[in-house]
Amino acid sequence: MTIKDNILEIIKNLNRPVDQEEIAQLIGVKGKEAKMVYQTLKQMEKENLLSLDRKSRYKLVDLDNSFVGQVDMAQKGYAFVIVEGREDIFVARDDLNTAMDQDQVLVVLKDKDRADGKDEGYVKKIISRNIKNLVGKVSKKPKDDFAFIIPDDKAMNYDIFVKAKNLKGALDGQKVYIEITKYPQGDKNPEGQVVEILGYPEDQGIDVLSVAYNHGIRMVFPDKVLREARALPESVSQKEMEGRKDFREDLIFTIDGEDAKDLDDAVGIELLDNGNYLLGVHIADVAHYVREYSATDIEAQKRGNSVYLIDRVVPMLPEELSNGICSLNPDQDRLTLSLLMEISPKGKLIKSQIYQGLIRSKARLNYTDVSKYLEEDDQEAKDLLGPDICQALDYMADLMKVLNQVRHDKGAIDFNFAESKIDLDEKGKVVDIYKEERRIANRLIEEFMLITNQVVSETYFWQELPFLYRIHEQPDEEKLRTFINFVRGLGYSVKTGQNEIHPRELQKIIEDIEGKKEEMLVSRMMLRSLKKAKYSEENDIHFGLSSKYYSHFTAPIRRYPDLQIHRIIKDNIKGRLNASRIDHYQTILAEVAKHSSKMERLAEEAERDVEKIKKAEYMVDYIGQVYEGIVSGVTSFGIFVELANTVEGLVSYSSLSDDYYYYDRETMTAIGEKTKKTYSLGDKVKIQVYDVDVEKYAIDFIIVD
């Protein structure tokens, strides 16, 4: 029996509050051992297993009525507490007990039921404050010896009080990055101090910079990291080449976007005499240069991944690594971890082997030229690529189609979303927004990286070694049921088992809706019904890929989990995975997985917010313009409409003058009370851009006949 179990048993049997000295006495410990019991009691209080009464005595928590969760603030001042494994709990503004967005809290359910049937609670205790820094605008009157910082994040329910001496010279209207020094108490606002002055909102680049800082993205590398990076060699030495498989004579090349600089994957292919393909995927050996627990490694782990913010990249590694010695630049010797796979013409993996490799890329190809050749047999592209590369690309295209068919037959879900492409001028102003289609070259590289990640993951799973997996769990039962009912309401047939669905059924829906007015909306609803993929030290399915084994191996320049498993693979290849190293990896991998998943979500949020800002900035110049769009969402407060360029705006019900509209949750439609006119997902409508609020990323449309 553990100390925790012993403590719980004692308090349960006594059926009354007990102080820490009595608990130690009943367990039969003194001195240092008693201190361990006291520390355990404090930890159990944090974990919501115990609570303290007014006399500092411990008692059991009513676990049926109280939960630990994270606050998710709404802009209107109320919040939801997100509790793992159950529905979110609504908390009214007056019941927050000074809790702020992202705080971890103990929430207790109220007895009364809400009209919508949802649970409501109140915050009893704040366990931990999770926002330490934020970005906001200075609001200061000339004669005042203080200022308030109005947070950019509208979910923040407090302005931050800052004394004049802690403003660092920041002026009224400027954007600043601050540290919270004192959290709210009673009716007092939180207090803080300015860490950095970013500039005025209209200054070039401040909009993107503010988003990055607000999401806690580390913009500057510490001096020690930069010194380590600058000390790295610019080329591979003869000694570093020893013991590696030499691929330098093979036809190997990279395929990336025109503006990519961190080239961390290269590919090569041969058609063997037996008719099989020999596919080589060569990944930069970043772990050779980034040693475990070096300053660069510690910083990379904190960052978790590179972040792409339209006009700038915030890299995980300094450019001496990401664009230099680790980038698989053409005509340069580079160290790799190389996976060779023999694959049959039907897509079956015959055998595979991972090597510590040495390559010299023969060309730096881009998606546009490769797609022009493969899609159009474009003569200019053909001349640019040359006959040898064209032949290799033909083999690759054939193999890509086979691998894609194999995945399709297994039931992998292949969302065909066109991404927004936002072009900026040299001053950071948006000049155009349009849809960027996935072309054959993009799909080719995606397919090769997918099979590489799957093969590496399965190989290490069966070796029963510590590893990091990329998992995508079964969908949430309730969300899936809601989605399936909606799709069936549209007339589509969906087969389900006992509270389960095979991804093949979802892929079938995607095929059935292709080209129809509801295609985009059903795809989005499906995506929202699925859980988010994450990293884990324990293997589990990847539902979306319909795969039992999946890991991230192919991007160690920009993702820390890839770099982490490269170390394990290298230790294994070199015979260094002894009991001590295995124990080491088993100790650290859970935290690496958890932190990497968290940083990935932060990066996604930052990228999404920057895109929203830039779209709002762009539409300011088009107020009054009329466009045709598609209804992309219907809610209780209005109708969302998406334009052909992916910009989305809100039509509020109050702007619809022809009738009073209400929201029908069952059919997800807006219905006119008198006219019975409806607005449904996928409907084409003509709108006029009515208003834009860049700070709130809000674009308002009105419907015109």
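The values are calculated or read from the model by the stated rules, or taken from the named source; none is laboratory data. Note that the structure is a prediction, hence the values are computed from the model and not measured. Cβ atoms come from the backbone with ideal geometry, glycine included; neighbour counts cover every protein chain shown. Side chains are part of the model used for accessible areas, which takes the heavy atoms of the whole protein and leaves out ligands, DNA and RNA. Shrake-Rupley method; radii C 1.70, N 1.55, O 1.52, S 1.80 Å.
Against the empirical 2.2 N^0.38 Å scaling, what ratio does the C-alpha Rg of segment 587-649 come to? Mind showing how you got there, number by number?
Values: Rg = 17.7 Å, N = 63, 2.2 N^0.38 = 10.6 Å.
So segment 587-649 has a normalised radius of gyration of 1.67.
In whole angstrom, how long is each semi-axis of the equivalent ellipsoid of segment 85-207, when you take the square root of 5 times every eigenvalue of its Cα gyration tensor and sort them from largest down? It would help to have the intermediate numbers written out before the result.
On the way: eigenvalues 223, 46, 29 Å².
For segment 85-207, the ellipsoid semi-axes come out as 33, 15, 12 Å.
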Using θ = phi - 60° and the Karplus form 6.51 cos²θ - 1.76 cosθ + 1.60, what ³J(HN,Hα) does each residue of segment 504-512 get, whole Hz, x for Gly and Pro?
-> 4, 5, 5, 4, 5, 4, 4, 5, 5
Ordering of 556-569, 515-528, 393-406 by packing [mean C-beta count within 10 Å, highest first] = 556-569, 393-406, 515-528
Cα-based Rg of segment 415-489 per 2.2 N^0.38 Å, rounded to two decimals?
-> 1.74
Report the dimensions of segment 579-689 along its three principal axes from the alpha-carbon atoms, largest first, rounded to Å.
-> 74, 37, 20
Taking alpha-carbon centroids only, segment 588-641 lies from segment 103-181 a number of Å equal to 22
Estimated 222 nm signal from helices in the chain, with DSSP H stretches of n ≥ 4 weighted -39500 (n - 2.57), rounded to 500 | -10000 deg cm²/dmol
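Would you mind checking LYS154/LYS182; LYS479/LYS677; LYS46/LYS532; LYS175/LYS427 for any pair whose Cα atoms are more than 25 angstrom apart?
In this structure, LYS479/LYS677; LYS46/LYS532 exceed 25 Å between Cα atoms.
Where does each of GLU380, GLU258 land when they are ordered by accessible area, with a 1.4 Å probe and the largest first? Could you put the intermediate results ahead of the total?
Numbers: GLU380 145, GLU258 110 Å².
Order by accessible area, largest first: GLU380, GLU258.
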Roughly what percent of Cα-Cα pairs across segment 40-83 reach past 18 Å?
-> 43
Net charge, ILE445 excluded, C-beta distance under 12 Å - Lys, Arg +1, Asp, Glu -1 = -2
So the pair-distance distribution of the chain, from every Cα-Cα distance in 10 Å bins, comes to percents of 3, 11, 19, 25, 22, 14, 6, 1, 0
May I ask for the distance between the Cα centers of segment 303-375 and segment 3-82, given as a whole number of Å?
-> 51
What do you reckon, how do ARG360, ARG248 stack up by accessible area (1.4 Å probe), largest on top?
-> ARG360, ARG248
Can you sort LEU385, LEU278 by 1.4 Å-probe accessible area, starting with the largest?
-> LEU278, LEU385
